[in-house]
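None of the figures in this text is laboratory data; all of them are computed from the coordinates on show. If you're wondering where the values come from, they're calculated on a predicted model, not measured in any experiment. Neighbour counts run over all protein chains shown; Cβ positions are idealised from the backbone, glycine included.
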Amino acid sequence: MEMIAAVESLSALAHEGRLKVFRLLVTAGPTGMAAGEIARRLGTPPNTLSANLSLLANAGLAQSRRDGRSIIYSARFDRMGELMTFLAEDCCGGAAEVCAPVAAAAARSRCIPAEA
């Protein structure tokens, strides 16, 4: 990931409302969630939600697709992974124990398999 792309992604997430939307989309998984359901769950006005989703999409963190009359939004897990990798790439000069809490959290959430 390029520095500019990382800054765009981090800037999009540096807002409480957008971070809540993104976390909800991550929880929804690859199937995503209808815009109306996002608004209902978060209690966000439609115009605010639309702006937040637009900024997340422009940063490459969310995508949308039409399903009948609904627009379904989902997290871009590939971009999220690139951002996480970018942030941890040079983690603490190779001191694995410093990044261990991140790896443990990923294993707890079943993002990565736990070591046998």
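Assorted remarks:
- Between GLY43, GLY32, GLY60, the Gaussian network model of the chain with springs among Cα atoms under 10 angstrom shows the greatest mean-square fluctuation at GLY43.
- Residue-span extension gain [ASN58 to ALA100] - 0.36 nm each, minus C-alpha spacing: 12.0 nm
- SER70/GLU16 FRET efficiency (R0 22 Å; Cβ-Cβ; nearest 0.05): 0.30
- Taking the alpha carbon gyration tensor of the chain, multiplying each eigenvalue by 5 and rooting it gives semi-axes of 28, 16, 12 Å, largest first.
- Label-to-label distance, nm, for residues given as LEU24 and ASP78 (7 Å Cα→Cβ offset): 2.6
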